[in-house]
């Protein structure tokens with residue numbers, strides 16, 4: 001008879017605990033759901049803000065405006081062909097031939113001075129002398 | 001036979017009736033059958049319940065232990081598609097060209113407004129740019145719904161809200177902004193401010209896609225090249241006091257249009273200042289007699305049909321008289337000219353004779369293959385229909401040879417010239433960016449050899465011919481000049497010119513084909529009284545090439561290097577016996 005009583009109380013407490021746990025979880029879910037709604041609304045607001053800001057960014061980056069700003073504040077100008085060249089047009093310093101002496105770059109150092117189209121004679125200019 | 005029920009066996013016995021203590025269960029007979037049935041039913045019910053609980057238990061374990069780790073967001077937060085939603089338009093580098101932003105519009109339900117006059121007075125007190133009479137009329141109109149003002153600022157919205165007028169509400173609407181303004185207006189187009197419906201350009205051509213797509217529409221345009229093209233063309237238009245102009249830069253190997261300009265232009269953000277002239281797309285909708293740039297096709301046709309070779313020569317000593325027309329040369333040499341000379345000096349007489357040798361049918365067929373006789377199918381609706389004679393007489397063959405008597409759009413020109421120089425493959429023009437790994441197939445329209453010859457001839461024009469101003473030091477430009485007299489009200493007007501240059505760059509391995517046309521330029525002192533394509537349009541092409549090359553990653557070359565001179569050499573003997581080696 002006492003065994004029967006013990007089992008009954010046991011199950012009864014399980015039921016109470018389960019009920020309470022369910023209530024607790026449901027309550028938490030409701031809270032999290034509220035939180036989710038809040039976060040989603042804030043994401044929406046941020047997204048809208050981002051859309052506006054990136055549109056404004058694109059507007060402020062109009063090439064004509066950048067060009068004006070550059071002229072006013074910078075001493076930079078668009079790249080011209082005299083500022084462009086390829087790696088093999090750059091000679092190595094004398095006595096500084098790299099280990100793989102057969103690379104195209106190394107061969108280039110043995111070639112006669114190369115002129116960049118319209119640019120300065122690179123080989124005759126001493127490396128580092130301009131600094 | 002139903003068994004008789006007695007005492008305890010009676011299921012309907014009253015509760016207070018206690019049967020006498022019973023003996024052992026009946027071993028047989030109807031009583032035993034009854035017991036068996038009950039037991040089976042009990043077992044079946046038990047099994048069913050066990051199964052149900054088993055399933056629920058299994059599902060619980062499954063949800064919490066097995067797949068609980070990867071919680072699926074079953075309702076990911078996505079804003080719903082509304083009428084105001086419209087996809088972005090970006091250029092080939094992802095630069096934003098058009099976007100729909102949300103704003104609050106002020107609306108009213110007049111039937112809910114008690115005192116229209118007071119409401120109007122209050123509204124105008126916080127929104128001074130509204131007209132009080134108009135607002136009052138709208139509020140007392142008895143309509144179900146009226147719109148009072150679009151695009152309220154947050155401050156204005158707050159102020160109106162504070163008035164607390166019943167029946168006056170806010171409504172979220174979309175409005176389209178174009179961050180690059182006039183720079184890309186000709187291609188992007190614009191929408192109807194009231195209902196966000198596309199009215200021109202890509203906005204109209206791809207209206208359905210823009211309405212339904214979540215991803216931005218990627219155009220083939222490059223905003224940087226767009227700026228360079230427009231700026232350099234505007235400089236020429238100003239210098240020559242011209243009426244306007246149009247220009248296109250296209251990828252020679254894919255048909256993608258990377259820049260398109262139609263000047264004067266309009267700002268799609270400010271449609272009230274646009275007029276018929278600025279809304280007209282000169283590059284795609286306008287069809288013009290293009291003039292000598294058509295000699296590209298005449299020469300390519302003669303070479304491809306083997307009617308002529310680079311060594312052939314034609315008699316250009318005297319003008320041709322045909323019917324009431326006289327065909328003469330602007331840069332008359334008055335002697336026999338070889339095919340390269342005809343091309344570089346832009347001889348009308350020589351080109352006309354070359355076309356006659358090919359014949360009207362083959363000329364028509366060739367121009368048709370290059371897409372010059374049909375309107376191209378592209379993503380914008382502003383496409384002009386080419387005009388050409390229904391009856392293709394001898395005189396038509398002759399004038400079409402140098403670009404008169406046939407009107408085509410600049411878009412068609414660029415598409416056809418791309419095919420002539422890129423190795424002979426025609427690509428459909430497009431304003432949409434191709435995926436990175438996509439190489440369009442195209443249709444072969446002329447031989448590789450003809451294409452190579454044409455590249456040499458077009459380099460010759462820039463080196464020694466009519467297009468010297470297109471030369472860009474360090475870069476290999478080839479091309480052809482064209483100066484067409486526009487058809488005025490009284491026939492051809494000598495003063496009204498359309499001066500063009502078709503440029504190919506780099507000419508030894510074409511990547512870009514561009515065409516710049518300046519409409520009605522006026523000669524100035526600096527141009528020594530000239531307003532031809534070589535003087536007006538060619539310098540713009542030179543500057544465009546020099547500015548765009550570093551951007552598109554085309555390295556400068558030494559034009560005098562032996563490899564390049566050999567690759568672009570044109571070797572021909574002039575009919576006078578002079579040996580000319582030019583490149």
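The values are calculated or read from the model by the stated rules, or taken from the named source; none is laboratory data. Please read these numbers as outputs of a predicted model, since none were measured by experiment. Cβ coordinates were reconstructed from backbone atoms using ideal geometry, including for glycine residues, and neighbour counts include every protein chain displayed.
Quick one: how many residues across the stretch A:51-69 are closer than 20 Å to residue B:230 by Cβ and either within 13 Å of another protein chain (Cβ to nearest Cβ) or under 23 Å from the mean Cα position of the chain (by Cα) (or both)?
To start, the set of residues in the stretch A:51-69 that are closer than 20 Å to residue B:230 by Cβ comprises A:58-69.
Subsequent filtering for residues that are either within 13 Å of another protein chain (Cβ to nearest Cβ) or under 23 Å from the mean Cα position of the chain (by Cα) (or both) retains A:58-68.
Selection size over the stretch A:51-69: 11.
Taking the condition in contact with a strand residue (DSSP E or B) (Cβ under 7 Å, 6 or more places away or on another chain) and at pLDDT below 90, does residue B:104 pass?
In short, yes.
Report whether or not residue B:557 is buried (at least 23 other Cβ atoms within 10 Å of the Cβ) and either within 12 Å of chain A (Cβ to nearest Cβ) or touching a residue at least 40 places away in the same chain (Cβ under 8 Å) (or both).
So residue B:557 fails the test.
Hey, any hits in the stretch B:523-530 for a residue that's surrounded by 15 or more Cβ atoms within 10 Å (Cβ to Cβ), within 20 Å of residue B:246 (Cα to Cα) and modelled with pLDDT of 80 or more?
Yes, there is a match, as at least one residue in the stretch B:523-530 is surrounded by 15 or more Cβ atoms within 10 Å (Cβ to Cβ), within 20 Å of residue B:246 (Cα to Cα) and modelled with pLDDT of 80 or more.
The rows are residues; the columns are (1) outside any helix (DSSP H, G or I); (2) touching a residue at least 12 places away in the same chain (Cβ under 8 Å).
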| residue | (1), (2) |
| --- | --- |
| B:117 | no, yes |
| B:137 | no, no |
| B:144 | yes, yes |
| B:149 | yes, yes |
| B:160 | no, yes |
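Restricting to the stretch A:70-81, give me the number of residues that are within 8 Å of chain B (Cβ to nearest Cβ) and either surrounded by 13 or more Cβ atoms within 10 Å (Cβ to Cβ) or touching a residue at least 12 places away in the same chain (Cβ under 8 Å) (or both).
Final tally of qualifying residues: 2.
Just one of B:257, B:296 is at pLDDT 95 or above and part of a helix (DSSP H, G or I); which is it?
B:296
So which residues in the stretch B:176-210 are in a loop (DSSP other than H, G, I, E, B), within 18 Å of residue B:151 (Cα to Cα) and within 14 Å of chain A (Cβ to nearest Cβ)?
Scanning the stretch B:176-210 gives B:178, B:179.
So if I check each of A:33, A:88, which one is in contact (Cβ under 8 Å) with a residue 12 or more places away in the chain and part of a helix (DSSP H, G or I)?
A:88
Scan (1) more than 24 Å from the chain's Cα centre (by Cα); (2) part of a loop (DSSP other than H, G, I, E, B); (3) more than 14 Å from every other protein chain (Cβ to nearest Cβ) for the single condition residue B:539 breaks and write down its number.
Against the list (1) more than 24 Å from the chain's Cα centre (by Cα); (2) part of a loop (DSSP other than H, G, I, E, B); (3) more than 14 Å from every other protein chain (Cβ to nearest Cβ), residue B:539 comes up short only on (2).
Okay, residues lined up against (1) touching a helix residue (DSSP H, G or I) at 6+ places or on another chain (Cβ under 8 Å); (2) touching a residue at least 40 places away in the same chain (Cβ under 8 Å); (3) in a strand (DSSP E or B):
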{"residue": "B:416", "(1), (2), (3)": "yes, yes, no"}
{"residue": "B:486", "(1), (2), (3)": "no, yes, yes"}
{"residue": "B:504", "(1), (2), (3)": "yes, yes, yes"}
{"residue": "B:510", "(1), (2), (3)": "yes, yes, no"}
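Filter the stretch B:236-247 for residues that are in a helix (DSSP H, G or I) and under 12 Å from residue B:541 (Cα atoms) and give the result. Quick ask: steps written out before the conclusion?
Restricting attention to the stretch B:236-247, the residues satisfying the condition of being in a helix (DSSP H, G or I) are B:236-239.
Matches in the stretch B:236-247: B:236 only.
For the list (1) out of contact with any helix residue (DSSP H, G or I) (no Cβ under 8 Å at 6 or more places or on another chain); (2) buried (at least 24 other Cβ atoms within 10 Å of the Cβ), I need the number of the one condition that residue B:262 fails.
Single failed check for residue B:262: (1).
Do you know which residues across the stretch B:330-367 are outside any helix (DSSP H, G or I) and more than 18 Å from residue B:501 (Cα to Cα)?
Of everything in the stretch B:330-367, those that are outside any helix (DSSP H, G or I) and more than 18 Å from residue B:501 (Cα to Cα) turn out to be B:332, B:333, B:334, B:335, B:336, B:337, B:338, B:359.
If I ask for residues that are buried (at least 24 other Cβ atoms within 10 Å of the Cβ), assigned to a loop (DSSP other than H, G, I, E, B) and in contact with a strand residue (DSSP E or B) (Cβ under 6 Å, 6 or more places away or on another chain), which ones from the stretch B:444-477 would you list?
Listed by number, the residues that qualify are B:466, B:467, B:477.
Can you report the number of residues in the stretch B:360-391 which are farther than 30 Å from residue B:208 by Cβ and surrounded by fewer than 16 Cβ atoms within 10 Å (Cβ to Cβ)?
Going through the stretch B:360-391 one residue at a time, the tally reaches 7.
Looking at (1) surrounded by fewer than 19 Cβ atoms within 10 Å (Cβ to Cβ); (2) within 14 Å of another protein chain (Cβ to nearest Cβ); (3) touching a residue at least 40 places away in the same chain (Cβ under 8 Å), which is the one condition that is false for residue B:173?
(1)
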